[in-house]
Ligand SMILES: [Zn+2]
């Protein structure tokens with residue numbers, strides 16, 4: 001006698017289960033757990049079973065069936081690094097850059113992170129919410145079902161806490177699951193010019209109020225941002241308060257943030273473009289995720305990509321993210337990031353998919369809940385407009401995601 005399911009997704013030409021558990025390293029990143037002629041039985045928003053259609057049908061029957069038409073069925077994407085919540089854009093700055101302006105010239109003209117801080121502080125809650133909702137709709141349409149969102153365009157207690165509250169409002173009012181991160185240490189705001197230490201004090205002082213609103217604390221550790229010592233004291237205080245840790249490490253200069261992430265047991269170190277060999281080996285041997293963000297180098301028109309191949313071969317827990325932000329990476333598309341990672345970082349399509357789903361979920365402490373299609377996890381899945389999973393990497397510039405499901409419900413993505 002078959003058990004009852006609410007819904008069965010049938011006729012998956014390739015069902016990517018990613019059944020082997022997280023975190024995945026090295027060769028294990030090539031294993032997508034592909035089931036031909038697969039099906040997924042769902043009840044109460046959760047997966048009851050995912051496997052060969054014959055086997056699933058012998059155990060479950062469902063009132064509703066969704067025919068995948070022989071196409072690819074896979075877990076929803078998890079985007080573990082975004083700066084999604086802000087107001088305004090940086091289109092003028094983009095054009096200035098194309099015309100040859102340097103970063104310093106743009107800064108001097110009032111551009112860069114500070115221009116987004118000005119626009120965000122001046123915007124009403126409703127303006128920030130409606131602009132961010134548009135980005136979330138694009139994310140969902142491109143298959144992202146869980147995303148980390150950082151603050152960092154408020155840079156004072158009032159506005160940083162406001163952004164955290166707005167992230168919560170957004171989490172409650174649309175399908176993409178959001179993981180909030182406090183990035184008060186994104187840049188030194190103009191009112192603290194020449195007083196970075198005093199601003200780092202202020203960020204430390206915000207942490208007790210941040211607890212309860214944010215799950216993680218992040219610091220941008222780099223030249224022109226925060227020093228290693230400032231990063232360390234902010235992250236140590238955050239850890240004392242029970243926040244998880246992440247760090248922007250080795251994007252432009254190698255200041256030792258990767259080593260610090262390992263020392264402090266951070267969830268992830270992100271960017272990792274100019275990491276030294278020693279630091280790479282250290283991170284790869286740890287449980288700290290290595291989040292790579294190729295959209296940033298692409299967005300800047302640079303060739304300075306992280307060496308993804310070496311990170312995978314070294315055995316690191318490699319994840320991919322959009323870094324969606326108005327300055328360097330205005331894209332919500334994980335399929336584009338996968339296509340880029342296969343060309344610019346040297347990953348294979350299978351490795352890039354694991355990095356964009358299961359390993360990304362691990363980096364957000366959500367691998368028990370999302371990132372693969374196994375019994376007990378949330379039914380967050382995609383039906384691609386493709387019969388072969390490699391099309392995700394092969395095609396670019398168009399959206400290969402057909403249907404998006406979150407917790408067993410089909411989302412409207414038009
Ligand atoms: Zn970032």
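The values are calculated or read from the model by the stated rules, or taken from the named source; none is laboratory data. Everything numeric in this text was worked out from a predicted model, so none of it was measured. FYI the Cβ positions are ideal-geometry reconstructions off the backbone, even for glycines, and counts take in every protein chain you see.
Summary of computed values
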| read-out | value |
| --- | --- |
| Every residue from region 259-269 that is more than 15 Å from the ligand (Cβ to nearest atom) and buried (at least 19 other Cβ atoms within 10 Å of the Cβ) | 259, 260 |
| Exclusive hit being surrounded by 23 or more Cβ atoms within 10 Å (Cβ to Cβ) and touching a residue at least 60 places away in the same chain (Cβ under 8 Å), set 120, 146 | 146 |
| 3 or more residues at pLDDT 95 or above and either within 15 Å of the ligand (Cβ to nearest atom) or on the phi > 0 side of the Ramachandran plot (or both): qualifying helices (runs of 4 or more DSSP H) within region 270-373 | 294-299 |
| Only one of 105, 127, 61, 95 that is over 21 Å from the mean Cα position of the chain (by Cα), surrounded by fewer than 16 Cβ atoms within 10 Å (Cβ to Cβ), touching a residue at least 40 places away in the same chain (Cβ under 8 Å) and not assigned by TED's automatic domain parsing to the domain that holds residue 18 | 127 |
| Test set (1) more than 19 Å from the chain's Cα centre (by Cα); (2) within 14 Å of the ligand (Cβ to nearest atom); (3) not in a loop (DSSP other than H, G, I, E, B) - residue 181 fails condition number | (1) |
| Cβ-Cβ under 7 Å pairs, at least 6 apart or on other chains, region 286-297 side over 17 Å from residue 354 (Cβ atoms) and not assigned by TED's automatic domain parsing to the domain that holds residue 263, far side in a loop (DSSP other than H, G, I, E, B) and away from the ligand (no atom under 12 Å from the Cβ) | none |
| Which listed residue, of 70, 110, 100, 152, is surrounded by fewer than 23 Cβ atoms within 10 Å (Cβ to Cβ), modelled with pLDDT of 95 or more and assigned to a loop (DSSP other than H, G, I, E, B) | 70 |
| Among (1) modelled with pLDDT under 95; (2) surrounded by 20 or more Cβ atoms within 10 Å (Cβ to Cβ), the one test that residue 5 misses | (1) |
| Verdict on residue 51 being part of a loop (DSSP other than H, G, I, E, B), over 18 Å from residue 143 (Cα atoms) and either within 16 Å of the ligand (Cβ to nearest atom) or at pLDDT 95 or above (or both) | no |
| Extreme residue, nearest to residue 186 (Cα to Cα), among residues of region 236-249 that are within 16 Å of the ligand (Cβ to nearest atom) and touching a helix residue (DSSP H, G or I) at 6+ places or on another chain (Cβ under 6 Å) | 247 |
| Residue among 38, 45 that is surrounded by 20 or more Cβ atoms within 10 Å (Cβ to Cβ) and farther than 20 Å from residue 329 by Cβ | 38 |
| Residue that is surrounded by fewer than 21 Cβ atoms within 10 Å (Cβ to Cβ), within 16 Å of the ligand (Cβ to nearest atom) and either in a helix (DSSP H, G or I) or modelled with pLDDT under 95 (or both), where the choices are 204, 223, 197, 191 | 223 |
| Given (1) within 22 Å of residue 386 (Cβ to Cβ); (2) away from the ligand (no atom under 16 Å from the Cβ), index of the condition residue 64 fails | (1) |
